[in-house]
Amino acid sequence: MTRLRSYGWPGNIRELRNAVERAMLLVDGDELTADQFPMTAASASRLSESVELPAQGIDLEQLERSLVIQALERSSWNQTRAATLLGLNRDQIRYRIEKFKLDKPA
């Protein structure tokens with residue numbers, strides 16, 4: 001609970017609700033732990049410390065597309081698991097799949 005309270009929840013109650021729903025779907029047991037909440041303050045600070053913007057800049061659309069593809073491949077195209085890897089919900093990853101016109105490989 002301390003970790004959940006310390007996170008800023010920029011999406012407000014919707015983000016919190018989605019995080020709890022995602023955790024409940026992915027948990028292998030009867031208890032939720034901090035590990036089921038990838039967007040907690042500790043993981044967010046690790047990411048911001050390890051990622052640095054290159055001096056020449058980046059193509060944000062291409063980066064987003066690449067991350068979506070990587071998550072889908074890593075999860076064998078399981079949209080719920082891919083969304084979890086990216087800190088998204090299933091609707092958000094489905095939007096990105098349509099946005100980038102991605103098709104599951106045969």
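Annotations for the structure displayed:
- Close contacts from the stretch 1-23, counting a first residue that is within 22 Å of Asn78 (Cβ to Cβ) and a second that is surrounded by 10 or more Cβ atoms within 10 Å (Cβ to Cβ) and among the hydroxyl-bearing types (Ser, Thr, Tyr), with Cβ to Cβ under 6 Å and a gap of 6+ residues or different chains, come to Arg22/Thr84.
- The set of residues in the stretch 40-56 that are at pLDDT below 60 and not in a helix (DSSP H, G or I) contains only Thr40.
- Residue list for the stretch 61-89, restricted to those being closer than 15 Å to Ala19 by Cβ and touching a helix residue (DSSP H, G or I) at 6+ places or on another chain (Cβ under 7 Å): Thr80, Ala83, Thr84, Leu85, Leu86, Asn89
- Residues that are touching a residue at least 60 places away in the same chain (Cβ under 8 Å) and in a helix (DSSP H, G or I) within the stretch 57-106 comprise Ala83, Thr84, listed in sequence order.
- When the residues of the stretch 57-106 are filtered to those that are modelled with pLDDT under 90 and β-branched (Val, Ile, Thr), the one that is farthest from Glu15 (Cα to Cα) is Ile58.
The values are calculated or read from the model by the stated rules, or taken from the named source; none is laboratory data. This one's a predicted model, so the numbers in the text were calculated from it and none came from an experiment. Every residue, glycine among them, receives a Cβ derived from its backbone with ideal geometry; neighbour counts consider all protein chains shown.
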